Amino acid sequence: MRILVISGPNLNMLGIREPEIYGKSTYLDLVTYVTDCCTAVGCVCDTFQSNHEGAIVDRIQAAYGVVDGIVINPAAYTHTSVAILDALKAVAIPTVEVHLSDVDAREEFRHISYVSLYAEKVIKGKGFEGYKEAIDYLSDKLRQSVIE
Ligand code: CA2
């Protein structure tokens, strides 16, 4: 089983600024963490980060027929992107949305998520641990769908 972990704009800056919100770990640490989480549940992990909305749409489309589950932190595009929502709907791959911070406890504009209109689960405010929860959820679900 193959899980794709997508990171949106500025997440490549993790650990460099705003550690009080996003922690001290870097994007490379996140890649290592999610890869280890996937390996632990017998899944292959693909990772992708982009600061460009269209590139994220292209990566989601490329996942069609190849990837079994998507974990996405769309970052700022969470709150604006109908294009990413439509791409996820188009490929119809089981998706979990993850946010490092608790977006509901922050500014009003971060309370809106277009992606959550498609995502079957949204995990907020648990830091890297949220990615583990998302990967475990998808691996359980995908394994269950193989049995049924
Ligand atoms: O909490 C999250 O994971 C967010 O998706 C992070 C986004 C933010 O726009 C969302 O509202 C919530 C921002 C990611 C930017 O990450 C930075 C990392 C280091 C320094 C500056 C930004």
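The values are calculated or read from the model by the stated rules, or taken from the named source; none is laboratory data. Only a predicted model underlies this, so the values are computations on that prediction, with no experimental measurement involved. A quick note on method: Cβ atoms are made from the backbone with ideal geometry, for glycine too, and the neighbour counts reach across all protein chains shown. When the accessible area is computed, the model is the full protein with side chains, heavy atoms only, and any ligands, DNA or RNA have been set aside. Shrake-Rupley method; radii C 1.70, N 1.55, O 1.52, S 1.80 Å.
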What's the center-to-center distance, using Cα atoms, between the stretch 1-20 and the stretch 91-148 in Å? 14 Å
Just give me a number: lysine pairs in the chain, eight or more positions apart or cross-chain, with C-alpha atoms less than 23 Å apart. 12
Taking max minus min of the Cα coordinates of the chain on each principal axis, largest first, gives extents in Å of 43, 31, 25
Rolling a 1.4 angstrom probe over the protein chains, ignoring ligands and nucleic acids, what is the accessible area of Leu142 in square angstrom, nearest 10? 20 Å²
Given the options Val44, Gly15, Ile147, identify the residue whose Cα lies farthest towards the positive end of the charge dipole of the stretch 2-147 (+1 on Cβ of Lys, Arg; -1 on Cβ of Asp, Glu). Ile147
Roughly how many Å² is the accessible area per residue of the stretch 1-146, as a whole number, for a 1.4 Å probe? 48 Å²
The chain, accessible surface, carbon-and-sulfur percent (1.4 angstrom probe): 53 percent
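Once you charge only the Cβ atoms, +1 for Lys and Arg and -1 for Asp and Glu, what is the size of the charge dipole of the chain about its Cα centre, to the nearest 20 debye?
For this selection, approximately 120 debye.
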Whose amide H sits under 5 Å from the amide H of Gln49, counting only residues 5 or more places off or on another chain, with H placed in the peptide plane? Ser7
